[in-house]
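Just so it is clear, none of the values below were taken in a lab; they were calculated from the coordinates. The shown structure was predicted, so the numbers you read here are calculated from the model rather than taken from an experiment. Here the Cβ is made from the backbone with ideal geometry for all residues, glycine too, and neighbour counts use every protein chain on show.
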Amino acid sequence: MPDRGGGPTGPRIRVGRPSRRVRTLLMTLGVLAVLAMAFVMFAGFWTDWLWYRSVEYSSVFTTTLWTKIGLFLVFGLLMAIAIGVNIWLAHRLRPPLSAMSLEQQSLDRYRMSVAPYKKWVLLAITALVGLIAGASASGQWRTWLMYVNGVPFGQKDPQFKLDVSFYAFDLPWYRFMLGFGFAAAVLSLIAAALTHYLYGGLRVTSPGARATAAATGHLSVLLGIFVSLKAVAYWLDRYGLAVKSSDFKATDNWTGLRYVDANAYLPAKTILFCIAAICAVLFFATLWRRTWQLPVIGFGLMVLSAILIGGLYPAIVQKFQVQPNEQAKEAPFIAKNIDATRDAYDIDDAQVDNYTGKSTETDDAKLRTGADAAASYRVMDPNVVSPAFQQLQQKRNYYQFPKTLDVDRYKGPDGKEQDTVIGLRELNLEGLPKRNWINDHFTYTHGYGAIAARGTTTGKNPPGSPDFTESGLPASGQLGTYEQRVYYGEKTTQYSIVGGPQKELDYEEDGEKTTSYKGDSGVSLANAFNRAAYAVSLSEPQILYSGAIGEGSRILYNRTPKERVEAVAPWLTIDGDAYPAVVNGRIQWVVDAYTTTNGYPYASRTTLGDTTADSLTTNQRAVVAQQNQVNYIRNSVKATVDAYDGKVKLYEWDTKDPVLKTWRKAFPGTVKSRGDIPTELMEHLRYPQDLFKVQRELLTRYHVEDPAQFYSGSDAWQVPDDPTNKEPGAVPPYYLSMKMPGQDDQKFSLTTTFTPRGRPDLGAFMAVDADAASKDYGTMRLLRVTTTVKGPGQVQSELNGNDDVAEFVRNLKGTDSDIEYGNLLTVPLAGGFLYIEPVYTRGGTQNYPLLRKVAASYGSKIVFENSLGEALNAVFGVEDTAPPEPTDPTEPPDDTTEPPATGEAALKEAIADAQKAYTAGEAALQKQDWTAYGRAQADLEDALRRAAAAQPKPSGAADGAEASDKADDKADDKADDQGTDQGTDQGTDQGS
């Protein structure tokens, strides 16, 4: 060893190799680093496997995994072999060194540098290309599974007479294979050419021959393979015309052949196929002729033909044959498009009836009676009243309700179903008194209880609030006994660790109540390996060593219903709105799921994410996440997610859907049959909103079945903007129990309106039977309006300009309150349309909406009253003949009381009492004391009733009536101005 520094007595430093101990330490650290990286990569895989096993859908995980691995290996190996063989072959066919040109001699240094490592270079190139190709192919696992498991649709396309399954399942796989073939051919051609150039088989700048005979033969064969694939592409393009999208004035997103496709592009593709096949043969012939002359001529002919036959000729046909008489030329193809689109979106059975929109009934009393029977008018708008649920039933800051509640049906005390607004009290970590890891993930783990209110009535404390049928903490009411803990919900996005040493807060009511999770959901953290895996995958090291985790601890994650269904059925498209239902003593989230395809011939396409958006999806409810275009959709699966244990169940709903049958073959045992749906669950299933919105968007054009009328667009509709929402967006569909013309009973329905394109008046009304237990479920009816009738926007504009409304809004300005409009409900009635709209106030002492007014419009008349009953009476010009409510609602009216006093003295006393009650009401109104205002209004009503009864007869009748009417009008005007509900008016909210 050399020595450095120091003299004879100075220090000496020995410099050399590291000691064996240091080398061992470095090697150990290196091995540990590699093992750590491997464990990090493995942790995600392992935790996914544990989760799928915990939800009992491990077959989905394994089927998907093995399919991806198989595609990765097969296509990665094929690509690697294709590249490797062609590089090896080009190297074998290299010319002798003596034949090298000066150009090639300049590359000698590159050959010399590569020569010692050529095997490793070849291996590295082929491995890299194979990995990329394999990764790309593994992403096609859905395409492969649909191809190998596809079942026939039983329907043939009108052009080629092939089953629809060819376009939906087979053609996408053929196109992938073709694309892979093109990639392999091009990469092989590039790799072979570079190798030939590097080893002298190709000459670029040197004089003389540009390629050796061996290189010529090799490269021409690869070019022949490329041109052969092009010939196959031309042949497949013929079938692709049936699912091709194009711009067409008749409709957006036109799909299928048009006149120019059938008469120009289709024969052109056939001719080009033949030319490409001949050109490929000429390239292969160079193996014997050793010349590029004929292949180059053939290739040039193919390119020229593609320009003239594939581009110029169709343009001439379109210009000189189609455009002069486009409607007649395109009519047969429009008819095919209409039939296919209506079938693909399941709207072919939609019944369209003409409806005048003008009532022929002249008896106001009959109209008023008919209005009561026509619908159960939902004055509790689930899109508005969530803050009232939050204020009155939140109970603790760490609970929350969704911004948009859900509408369902539950039986009342009389055994009859009633429309119900329902929401779950879910956990809100933002409201915790103190945020830390233990509180966030161990102590506060779940919400508690379902809160429900009648949709057609309001409560009395305070007046205009929801009329709760299930309330409190714990919740109690008409829903009976059920498991109230909500561990899985729409707002539950964080993970929780439950069942271990750390107790959970159950709820706070007269002190804290604690609990420990008893369900079998989640993944066990009892062993250290699982804890380490989750510590890595969740980037939370405390999971590994926390004392709060021990025997029995389980981790819950993927907790929203949408996440869970998407994970166990990745081949489904999930509806944007899951809704809760209390079924057999459990809270079940109901999730609608769809099967879709983009390969239905002639059916026009739509983008689900755009079509399902409306005025509420911007900030209140989710929208279908899929942004890919589809042209076939079915609500084929109804899924449930248990709010306590997270168990996911998939039920077959559409028993005829070939796409669902295909996926059931691919994932056997994952979807239960329709007959397994429990009866109690069936009572809560409903027609999904997102499917309805897709169908109504298509029906704006495809309600027309005559090709000429469809082409002209003279009867096109549009979905109107929501007139009650300040933000732009389509009006959302509304769930409502109602009767369509000709029906005897109300049906739970999903409804919407249409306006003529570019005009505000009403064009049509549509309703679908949304009750899954009904034999008419899914029956779709459209009422085409044949006269000019006010549309929703016009009704809202008239309401905004109404004098009573204007006065009401002016009076609110001094009370720090604001007005909120509820859903504008449209109901067919006696040949006309009845519009009902609840109006709420929010602000002042109560920062949540309370129902204060109800607007109604029928024909040319629009009214603005204190309650639904009064609005219906006023719009039909009928006096309220119902007996007054008793003072004590628990006691019946006393029929033995003395009749009211009569005479001038009694009249003066009654008028004085009315004035006193009016003054008291005005004072209560200024203080925003709604309870006192309700009492004052009750006193005022009693005084006015006594004044009417005390009128002298006959001579004093006019004076008494006039005095009573003036007092009545004055009180009514003031009540309209302030927009408050009388407590005694709530009994009329049923519309009776």
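Using Cβ point charges alone (K and R +1, D and E -1), the dipole size of the chain about the Cα centre works out to roughly 9560 debye.
Given Cα pairs under 8 Å that are at least 6 residues apart, what percent is the relative contact order of the stretch 228-284?
Numbers: 46 pairs, mean separation 25.9, N = 57.
Reported relative contact order: 45 percent.
Computed about its Cα centre, the charge dipole of the stretch 372-456 is approximately 320 debye, with only Lys, Arg, Asp and Glu carrying charge at their Cβ.
Computed packing ranks the peptides 376-384, 134-142, 731-739, 774-782 as 376-384, 731-739, 134-142, 774-782, most packed first, by mean other Cβ atoms within 10 Å. Cross-link reach is defined here as a Cα-Cα straight distance under 22 Å, omitting same-chain residues fewer than 8 places apart; for LYS813 the lysines meeting it are LYS726, LYS853, LYS927, LYS970, LYS974.
Using 24 Å as the Cα-Cα cut-off, could you pick out the over-long pairs in LYS647/LYS672; LYS230/LYS661; LYS161/LYS244; LYS411/LYS861? Those over the limit are LYS230/LYS661; LYS411/LYS861.
Given the C-alpha centroids of the stretch 638-677 and the stretch 755-792, what is the distance between them in whole angstrom? So the separation of the two Cα centres works out to 31 Å.
What is the stretch 696-823's relative contact order, in percent, from Cα pairs under 8 angstrom and six or more apart in sequence? Each step should come with its number before you reach the end.
Details: 190 pairs, mean separation 22.4, N = 128.
Dividing the mean separation by the residue count of the stretch 696-823 yields 17 percent.
Whole Å is fine, so just give me how far the alpha carbon centre of the stretch 338-368 lies from that of the stretch 234-298. For the stretch 338-368 versus the stretch 234-298, the Cα centre distance is 47 Å. Computed log10 I(q)/I(0) for the chain at 0.05, 0.08, 0.09, 0.10 Å⁻¹: -0.47, -0.96, -1.11, -1.25, from the Debye equation with unit scatterers placed on every C-alpha and solvent omitted. Positive end of the dipole of the chain (Cβ unit charges, origin at the Cα centre): among THR724, THR612, PHE39, the Cα lying farthest that way belongs to PHE39.
When Lys and Arg each count +1 and Asp and Glu each count -1, what net charge do the other residues less than 13 Å away from ASP657, Cβ to Cβ, add up to? Cβ neighbours under 13 Å give a net charge of +3. Which of the listed residues, GLN351, ALA185, VAL875, is farthest toward the dipole's positive end in the chain, when Lys, Arg count +1 and Asp, Glu count -1 at the beta-carbon? Most positive-ward Cα: ALA185.
Hydrophobic long helices, here whole DSSP H runs in the chain with Kyte-Doolittle means of at least 0.0 and Cα atoms spread over 24 Å or more along the helix axis, are found at 20-54, 58-92, 118-138, 171-198, 213-240, 266-284. Think of it as helices only: each DSSP H run of n ≥ 4 in the chain is worth -39500 (n - 2.57), and spread over all residues that comes to -13000 deg cm²/dmol at 222 nm. The charge dipole of the stretch 560-619, taken about the Cα centre with unit charges on the Cβ atoms of Lys, Arg (+1) and Asp, Glu (-1), comes to about 180 debye, rounded to the nearest 20. Here the stretch 563-618 and the stretch 61-89 have alpha carbon centers that stand 34 Å from each other. When the Cα positions of ILE555, GLY669, ALA233 are compared along the charge dipole of the chain, ALA233 comes out farthest toward the positive end, with charges on each C-beta of Lys, Arg, Asp and Glu. Neighbours of THR369 by Cβ distance under 12 Å: Lys/Arg scored +1, Asp/Glu scored -1, total -2. Suppose a student asked you for the relative contact order of the chain, using Cα pairs under 8 Å spaced at least 6 residues apart; what percent would you report? Across the chain, relative contact order equals 11 percent.
For ASP506, what charge total do you get from the other residues with a beta carbon under 10 Å from its beta carbon, if Lys and Arg give +1 and Asp and Glu give -1? The partial results should precede the final answer.
Numbers: positive: ARG485, LYS503, LYS513; negative: GLU504, GLU508, GLU509, GLU512.
That works out to -1.
Less than 5 angstrom separates the built amide H of TYR600 from those of ASN631, all sequence-distant by 5 or more or on a different chain.
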